[in-house]
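Notes follow the structure.
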Amino acid sequence: MYEEFYGLKAKCFSKTPDPAFLYHSKGHAEALARLLYAVEERELVLLTGDIGSGKTTLSRALLDSLDESFRPVLIINPRLSPAQFLRHLALKLGVSKPRHYKSDLLEQINDRLYASYEEGICPVVIIDEAQLIPGKDTFEEIRLLTNYQLDDANLMSLVLIGQTELRARLKRPAYEALRQRIGMAFHLGPLGLDETGEYLRHRLRVAGRDDVLFEPDAVEAIQRHSRGVPRLINTIATGALLTGLGKEARSIGAGIVEDVVTDLDLNG
């Protein structure tokens, strides 16, 4: 719709987690570097952040950064009982017929992990939306996965990604054993004003436009109403481009942004 009018080759503020559009703010760049290091060291790593802060996009960027010596195992709906989690994991690891009894199932997982090690491959288990894991028992199964190791190496990497409440949850005494297994942790914060401006310019450049589109007062308004949350920035920016198209505005000013914010009821 607005792409041709504004000289864009793609929708640059889509809500899908396309790593091609990942803006490496200071926080995002550090988070990705830590994730990569932890995966290479076969550690258990924790990434948290507020809703819409870019966690899932970072996980996709992580996957794109891994070479053929790593095998990603992505779990995006972790609302699973302990037994369901283990069966789901076994299937993702390549076990064709997971067994019914837990002891047999754990043996299958162990055999699959060791076979991967023999092939020179490290499975990377990424659990997105980990705050949705229903109970402590499933977390305990995740902790026990860190016991799959040889004398000199773990047999897999584990990445827990979740909203801020996951971090608070893991601080409870009941999760002490799991918390002690976390080798690295990082929390994604919101973007500042300068970062919001660069975020907008970065995504426009990726979509094929180098010229300034959002005026400084529009950037300030987007930052204020989005509170620096990338997903909200995308929502407001998309609305602004559509409104700008309707008004045939060649640049986006604060007035257009305020109209969009009113329509989206984001003033509160």
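The values are calculated or read from the model by the stated rules, or taken from the named source; none is laboratory data. Being a predicted model, the structure only gives us computed values, none of them experimental. We place every Cβ from the backbone using ideal geometry, glycine too, and count neighbours over all the protein chains shown.
Residues that are more than 18 Å from Leu46 (Cβ to Cβ), assigned by TED's automatic domain parsing to the domain that holds Arg34 and among the acidic types (Asp, Glu) number at least 3 in the following helices (runs of 4 or more DSSP H) confined to segment 91-187: 102-118. Checking each residue of segment 166-181 against the condition of being of a type in the set (Ser, Thr, Tyr), crowded, with 18+ Cβ neighbours inside 10 Å and touching a helix residue (DSSP H, G or I) at 6+ places or on another chain (Cβ under 8 Å) gives no match. Remark: pairs (first residue in segment 6-31, within 12 Å of Asn234 (Cα to Cα); second residue part of a loop (DSSP other than H, G, I, E, B); Cβ separation under 6 Å; 6+ apart in sequence or on different chains) = Cys12/Ala207. Of all residues in segment 1-37, those satisfying the criterion of being in contact with a Gly (Cβ under 6 Å, 6 or more places away or on another chain) and either assigned to a loop (DSSP other than H, G, I, E, B) or closer than 21 Å to Leu155 by Cβ (or both) are Leu8, Lys9. All conditions but one from (1) farther than 30 Å from Glu43 by Cα; (2) under 26 Å from the mean Cα position of the chain (by Cα); (3) assigned to a loop (DSSP other than H, G, I, E, B) apply to Ala249; the one that does not is (2). One residue stands out among those in segment 222-244 that are touching a residue at least 60 places away in the same chain (Cβ under 8 Å) and under 17 Å from Val212 (Cβ atoms): the one that is surrounded by the fewest Cβ atoms within 10 Å (Cβ to Cβ), which is Gly244. Taking Ile127 as the residue in question, decide whether it is of a type in the set (Val, Ile, Thr), closer than 28 Å to Gly54 by Cβ and touching a strand residue (DSSP E or B) at 6+ places or on another chain (Cβ under 6 Å). Considered against the rule, which asks whether it is of a type in the set (Val, Ile, Thr), closer than 28 Å to Gly54 by Cβ and touching a strand residue (DSSP E or B) at 6+ places or on another chain (Cβ under 6 Å), Ile127 comes out as yes. If you check Leu80, Leu46 for being surrounded by 14 or more Cβ atoms within 10 Å (Cβ to Cβ), over 14 Å from the mean Cα position of the chain (by Cα) and assigned by TED's automatic domain parsing to the domain that holds Glu141, only one passes: Leu80. When segment 189-203 is filtered for residues that are hydrophobic (A, V, I, L, M, F, W, C) and surrounded by fewer than 22 Cβ atoms within 10 Å (Cβ to Cβ), only Leu193 remains.
For the structure I just gave you, tell me whether Ile142 is under 25 Å from Leu32 (Cα atoms), modelled with pLDDT under 95 and crowded, with 18+ Cβ neighbours inside 10 Å. Against the criterion (under 25 Å from Leu32 (Cα atoms), modelled with pLDDT under 95 and crowded, with 18+ Cβ neighbours inside 10 Å), Ile142 qualifies.
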